[in-house]
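See structure below.
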Amino acid sequence: MTLVRYESAGHVATITMDRASAHNALNNALCDELRAAWLRFRDSDDRVAVLASAEEAYFSVGADVRDLPANMWHAVPGLGVELDKPVIAATSGWVVGGGFVLVQMADMCVASETTRFLYPEAKIGTTGGGISSVVTRMPHKVAMEFVLVGEELPVERAYQIGFVNAITPKGRHIMEAQVMAAKIAGNAPLVVQALKKLARDAMPRGPLDTVADARRVLDAIRDSDDLKEGVAAFREKRKPEFKGT
């Protein structure tokens, strides 16, 4: 991977977006690499993940308007890849649009004092719908003001309403997130995973969550060897030999 770094230490994975040339604008390549990182995390011995940016001034400016990702939801933890392990977002600078959705779907957020949240879709005239689940993660009327007015949500306000767990001095957000992650990683893994799953199941689900559940099932079929074999067998007028892969 060239746009995402995956580092592991003490059962904590640090997943760092590093598309500095575009301030981590989410294009197809970055989304694909983020999905690969979530798959690696899911299948690894790591117990907690920290999602961060290599830039202090920008966590992510959101979807790349010059290279709109076909499946941005693939990059979102818990949507593109179902996870029973906790994810902590470590934010700094601008967190915009799709970048905000990444943070929204994380389990916790440790934010630098430089963090600035913005969701400008209503001002731009388009939406991918990913923001809909925000109403389950912050008070309803605050969430509606954030998405409909389209103005900045200061990090202090995000902390006051419980969207951010901790605010750190500039440059310390990743370190503090890793400290929190290490504490979780030292707890009983089966219990941590069970609590995350039970909490997720208890939380109201938005439309994107429901669509993602179906897409994960259908995409596996669409990309399967069995589909290729079935199509080939139909064309060749023979009985297919399915292998369940």
| message | Out of the residues in segment 1-45 meeting the condition of being in contact with a Ser or Thr (Cβ under 6 Å, 6 or more places away or on another chain) and open to solvent by 10 Å² or more (accessible area, probe 1.4 Å), tell me which one is farthest from residue 86 (Cα to Cα). | response | 5
| message | Please return the ranges of strands (runs of 3 or more DSSP E) entirely within segment 52-137 where 1 or more residues are under 13 Å from the mean Cα position of the chain (by Cα) and not small (Gly, Ala, Ser). | response | 58-60, 87-91, 94-96, 108-112
| request: Tell me which residues, restricted to segment 187-208, are in contact with a Lys or Arg (Cβ under 9 Å, 6 or more places away or on another chain) and either not basic (Lys, Arg) or not in a helix (DSSP H, G or I) (or both). | output: 187, 189, 192, 193, 203
| remark: Restricting attention to segment 140-167, the residues that are part of a loop (DSSP other than H, G, I, E, B) and either open to solvent by 60 Å² or more (accessible area, probe 1.4 Å) or among the basic types (Lys, Arg) (or both) number exactly 3
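The values are calculated or read from the model by the stated rules, or taken from the named source; none is laboratory data. This one's a predicted model, so the numbers in the text were calculated from it and none came from an experiment. For neighbour counting, all protein chains shown are included, and Cβ atoms are generated from backbone atoms with ideal geometry for every residue, glycine included. These area figures cover heavy atoms from the full protein model, side chains too; ligands, DNA and RNA do not enter into them. Shrake-Rupley method; radii C 1.70, N 1.55, O 1.52, S 1.80 Å.
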